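Below is one structure, written out as structure tokens; the observations come after it.
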Amino acid sequence: MVRLLNVKMMTQLIHKQGIEAIFADIMAQLKKDFTNWESFQNIPRPAFHVDGGVLELMPVCGKEKFAFKCVNGHPKNTAVGKQTVVATGQLLNVDDGYPILITEMTLLTALRTASVSAIASDLMARKDASTLAVIGNGAQSEYQTIAHKLIRDIKEIRYFDTDPKAMDKYEQNMKLNFAGHKVDLVRCNDAKSAVTGADIIIVCTACKAHAEVIKYDWLTKGQHINGLGGDCPGKTELQKEILENSYVAVEFFDQSFIEGEIQVFDEEKARSIVDAHFYEIIRGDKVGRNNDDEITVFDSVGIALEDLSALSVIHTLSEKYNIGEIYEMIPDIKDPKNLFSLLVE
């Protein structure tokens, strides 16, 4: 039997558990899974680059569960009222290969990406960080902000997007979410004014180009940057001088070198740029920063292990609250070798 969650059911589950509690659950599972990094089989995700976008399959295999997500990235979709990124996913048992969960992952990807980003900031940003800059106010921005409020006492949020309507949307949602909280929302006229002096900088834009959304000479000592924008070959957001002069962490070098900020370097240079893998910082094998003056960068591309962590949490919660429809997706036959019997009336 397979449990299926559509968008309405996922929304119901989030409301039932509470978004902050779900963030906490996913963060805990992520830390557990990254701590056991060597027990998972990871590969760079297969990607098909098409006119106007990219289609990707993200598989990962652990000792007990196998998971995959099918996801796209089409920046031009918003012009015709469609989302830039949508996703679906499955969770399967390793011992028999049977699927146990099929679910929407557009909402879930936003939750898991914000959870990963918040963990990175918690481990790499200064402990006294209180000012957050959000560059790119699209679908991810609110989730990123709420998750970061859980790991730091954020007092000021600066935000900027090239689309004023996206900024309007973000401002309205954040005023609603943080009603009663002492948080200053500062609408900025450009990316430079948003990041200047900010403690934590989140960069999450959709433009598929080698863009310099953030420049090195805008930065000051002690800042932390999460580079998150939908990654693919040919797309970057940070001026390369930032990477050359910062403490840099990645999730999985083999994929980051193809799609992350470090793709602008040759492999030898890229390896020298990377100071730590995410799992090494989570495990305590390496530090998240060496001192309070250092600029730190989490060059995140999003990997399948993070989806497995999120799917595992959602599967547990869906069973706890009995949310989702149960379907027979696997033939139930007396003789497992007689598949043809399903067609015999």
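The values are calculated or read from the model by the stated rules, or taken from the named source; none is laboratory data. Just so it is clear, the model here is predicted, and its values are computed rather than measured. Heads up, the Cβs are rebuilt from the backbone with ideal geometry, glycines too, and the neighbour counts pull from every protein chain shown.
Quick notes
- Failed condition for ASP231, given (1) surrounded by fewer than 21 Cβ atoms within 10 Å (Cβ to Cβ); (2) among the acidic types (Asp, Glu); (3) touching a residue at least 60 places away in the same chain (Cβ under 8 Å): (1)
- Subset of region 66-95 that is among the polar types (S, T, N, Q) and in a strand (DSSP E or B) - its residue that is surrounded by the fewest Cβ atoms within 10 Å (Cβ to Cβ): ASN93
- Exclusive hit being modelled with pLDDT of 95 or more, outside any helix (DSSP H, G or I) and either hydroxyl-bearing (Ser, Thr, Tyr) or not assigned by TED's automatic domain parsing to the domain that holds ASP254 (or both), set LYS8, LYS63: LYS63
- Taken as a whole, the condition of being in contact with a Cys (Cβ under 8 Å, 6 or more places away or on another chain) and in the same structural domain as SER312 (by TED's automatic domain parsing) does not apply to ALA79.
- Conditions (1) touching a helix residue (DSSP H, G or I) at 6+ places or on another chain (Cβ under 8 Å); (2) of a type in the set (A, V, I, L, M, F, W, C); (3) in contact (Cβ under 8 Å) with a residue 24 or more places away in the chain; (4) exposed (fewer than 15 other Cβ atoms within 10 Å of the Cβ): number failed by ILE303: (4)
- Put simply, of ILE157, ILE225 the only residue that is within 29 Å of ALA47 (Cβ to Cβ), of a type in the set (Val, Ile, Thr) and touching a residue at least 12 places away in the same chain (Cβ under 8 Å) is ILE225.
- One residue from PRO59, PRO99 being surrounded by fewer than 20 Cβ atoms within 10 Å (Cβ to Cβ), touching a strand residue (DSSP E or B) at 6+ places or on another chain (Cβ under 8 Å), farther than 26 Å from GLY234 by Cβ and in contact (Cβ under 8 Å) with a residue 40 or more places away in the chain: PRO99
- Scanning region 217-227 for residues that are part of a loop (DSSP other than H, G, I, E, B) and small (Gly, Ala, Ser) yields one hit, GLY222.
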